[in-house]
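Asker: Dropping a structure here in structure tokens format, bear with me for questions.
The values are calculated or read from the model by the stated rules, or taken from the named source; none is laboratory data. Because the structure is a prediction, the values reported are computed rather than measured. Please note: Cβ atoms are built from the backbone with ideal geometry, for glycine as well, and neighbour counts cover all protein chains shown. Accessible surface areas use protein heavy atoms only, side chains included; no ligands, DNA or RNA. Shrake-Rupley method; radii C 1.70, N 1.55, O 1.52, S 1.80 Å.
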Amino acid sequence: MALNTEPVYSQPDTKTLSQADSLFNSQQYTEAFVLYDSLLQQQLYSPQMLLKMAYIRESLRDYTGAMYYLHLFYKKQPSRSVLKKMEELGQTHRLNGYEYNDLQFFKTQFSKHYMRILELMLLAAVVTVTVMFVSWRKGHRFSRAFKTGFVLYLLFILYYINFLNLGDEGIIRNDQVAIMSAPSAGATWLATVSQGHKVPIIGEQDIWYEIRWKGQKAYVRKHNLLELP
């Protein structure tokens, strides 16, 4: 996986990381992965480490794990090359849900800057209210069009906070997973899939996730799906 990376986000335990890297370089992947995973659980990791974890899981034919760690890397360093890598890996192993497109890149960029955009919109609203109050105290009256526009702006902020969701996704984590038409073991069977497929998550009901499978609504048991952060 030849991808350019940037400096460490969290400063790892250098001794443990060095030991893990040594094991990785000597192709003792299972032992290296245990140490990498312990660092990840402590939120002590680098983008390079995530790529190595993805490589290890791919070499063990754990495509769910490989895609999961590539996804974590992509969340930290969004780039079209990572999307392309996931698409190529998906095509090689006939996995659905990894088609490369600009919408995926936009969604990640938007998610990454969601809070910054919200802060700027709230700041603009506070400044506007302050200016309006000062102007009102001085006797200035605002037009109906201005007041209507400002109310619509506030409503958009509420919508942004409560309803704007670009969608959750998950990866099938087991083999021989049944995709059903309804949240019931007695529902109509739609497909049996192996691990690694990525699907949009629409909702959930008891022990089931509601997903979209090949354009139609479907259900899968929660323990068979790894939800992406």
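Asker: Among the residues that make up region 149-168, is at least one of them assigned to a strand (DSSP E or B), surrounded by 14 or more Cβ atoms within 10 Å (Cβ to Cβ) and modelled with pLDDT of 90 or more?
Answerer: Keep residues of region 149-168 that are assigned to a strand (DSSP E or B), which gives 168.
From what is left, the residues that are surrounded by 14 or more Cβ atoms within 10 Å (Cβ to Cβ) are 168.
Retained after the next criterion (residues that are modelled with pLDDT of 90 or more): none.
Looking for residues that are assigned to a strand (DSSP E or B), surrounded by 14 or more Cβ atoms within 10 Å (Cβ to Cβ) and modelled with pLDDT of 90 or more, one finds none in region 149-168, hence no.
Asker: Are there any pairs with C-beta distances below 9 angstrom linking a residue in region 132-144 that is modelled with pLDDT under 90 to a residue that is not in a helix (DSSP H, G or I), with the two at least 6 apart or on different chains, and if so which?
Answerer: W136/F142
Asker: Is it the case that some residue within region 22-33 is out of contact with any Cys (no Cβ under 6 Å at 6 or more places or on another chain), open to solvent by 30 Å² or more (accessible area, probe 1.4 Å) and modelled with pLDDT under 90?
Answerer: So far as region 22-33 goes, no, none of its residues is out of contact with any Cys (no Cβ under 6 Å at 6 or more places or on another chain), open to solvent by 30 Å² or more (accessible area, probe 1.4 Å) and modelled with pLDDT under 90.
Asker: Something else about it: Just one of the numbered conditions (1) open to solvent by 70 Å² or more (accessible area, probe 1.4 Å); (2) assigned to a loop (DSSP other than H, G, I, E, B) is not true of A187; which one?
Answerer: Unmet for A187, out of (1) open to solvent by 70 Å² or more (accessible area, probe 1.4 Å); (2) assigned to a loop (DSSP other than H, G, I, E, B): (1).
Asker: Now, a different point. Which residue out of N174, N224 is open to solvent by 30 Å² or more (accessible area, probe 1.4 Å) and within 20 Å of Y69 (Cβ to Cβ)? Before you say what the answer is, go through the steps one by one.
Answerer: Details: N224 fails: open to solvent by 30 Å² or more (accessible area, probe 1.4 Å).
Selected residue: N174, the only one of N174, N224 that is open to solvent by 30 Å² or more (accessible area, probe 1.4 Å) and within 20 Å of Y69 (Cβ to Cβ).
Asker: Moving on. When the residues of region 67-109 are narrowed to those that are touching a Phe, Trp or Tyr at 6+ places or on another chain (Cβ under 7 Å) and open to solvent by 40 Å² or more (accessible area, probe 1.4 Å), which ends up nearest to N174 (Cα to Cα)?
Answerer: For region 67-109, the residue satisfying everything is H93.
Asker: How many of the residues in region 109-148 are more than 30 Å from V82 (Cα to Cα) and part of a helix (DSSP H, G or I)?
Answerer: Of region 109-148, the ones more than 30 Å from V82 (Cα to Cα) are 121-148.
Filter once more, keeping what is part of a helix (DSSP H, G or I): 121-137, 144-148.
Number satisfying all stated conditions: 22.
Asker: Shifting gears a bit: Could you say whether any residue in region 42-62 is out of contact with any strand residue (DSSP E or B) (no Cβ under 7 Å at 6 or more places or on another chain), open to solvent by 50 Å² or more (accessible area, probe 1.4 Å) and under 20 Å from D168 (Cβ atoms)?
Answerer: The answer is no, given that none of the residues of region 42-62 is out of contact with any strand residue (DSSP E or B) (no Cβ under 7 Å at 6 or more places or on another chain), open to solvent by 50 Å² or more (accessible area, probe 1.4 Å) and under 20 Å from D168 (Cβ atoms).
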